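The next block holds one structure in the form of structure tokens; read it before the comments.
Values quoted throughout were computed directly from the atomic coordinates according to the rules given, and no laboratory measurement underlies them. All values derive from a computational prediction rather than experimental measurement. All Cβ positions, even for glycine, are placed from backbone atoms using ideal geometry, and neighbour counts span all protein chains on display.
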Amino acid sequence: MSRRYGNAQTIGSNVTQNTYFMTKQVGQGFFAVLADGTIDSVTGAYAAILACETIAKGFVSLEDVEGQLEKQFARAAAVMNERLYKGRQPRVSVLAACFVGNSMVYRSVGDLSVALCGSRGLTVNQEASGQMDVKGATTLLCSQGVWQALAEMDIEKLLSGRRHPYDKAQNIIEAVNRRNLKDQKSALAVIVA
């Protein structure tokens, strides 16, 4: 099944862009991982990059997707601890999702969100991991900065319609920027349809 996807991000009022993402094809599936370094510093940015690249590099097949996600999250935590945090509590949020057919399997740690927009409106999932039916839905994977600036009603409106996911992601980030919040966090939107 061919997936269409798009992305956009903004630095907000931060000095350093601390969100990062990667996408890739895995066999007949599509994989996306995003991270938010949660602190406005080079350390936060590096943590986001390190988490995404470690998880994406290790995710190589569609067998036991849940087990692979668990293993790669643990591997990313170990790599960040070794190279960056040196035993301190990591301050990074990570979300990874694998789309196969009409199903999405995901895992999340921290403040990143999964939302589906389909015939039943917008559904925001707060669970740390799980599986969702994405048939006929547009999926939004996003950082807390999106929710800081926009209400569910705004996001549902921006996700609906037939536009390409890239255009939808750009529109979400433009809406975040138009809010012009004084303490706007970095905002990242990855949309898969």
> Using a simple spin-label model with points 7 Å from Cα along the Cα→Cβ vector, what separation in nm is obtained for residue 61 and residue 3?
Replying inline: 1.9
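Need the full-extension length gain, residue 133 to residue 81, defined as separation in residues times 0.36 nm minus the C-alpha distance. One decimal, nm.
15.3 nm
Can you classify the chain as rounded, prolate or oblate using the Cα gyration tensor, where a ≥ b ≥ c are the square roots of its eigenvalues, rounded means a/c under 1.5, and otherwise it's prolate if a/b beats b/c and oblate if not?
Numbers: a/c = 1.95, a/b = 1.08, b/c = 1.81.
Note, shape of the chain comes out oblate.
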> In terms of Cα to Cα distance under 27 Å, which lysines are near enough to residue 168, apart from those fewer than 8 places away along the same chain?
Replying inline: 24, 135, 157, 182, 185
>> Give the lysines whose C-alpha is closer than 21 Å to that of residue 86, dropping any in the same chain fewer than 8 places away, or say none.
In response: 71
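Taking 0.36 nm per intervening residue step and subtracting the Cα-Cα distance, what contour gain separates residue 174 from residue 154 on full extension?
On the way: separation 20, 0.36 × 20 = 7.20 nm, distance 1.21 nm.
Extending this stretch completely gives an extra 6.0 nm.
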> Which value, in Å³ per residue, describes the convex hull spanned by the Cα atoms of region 13-88?
Replying inline: 83
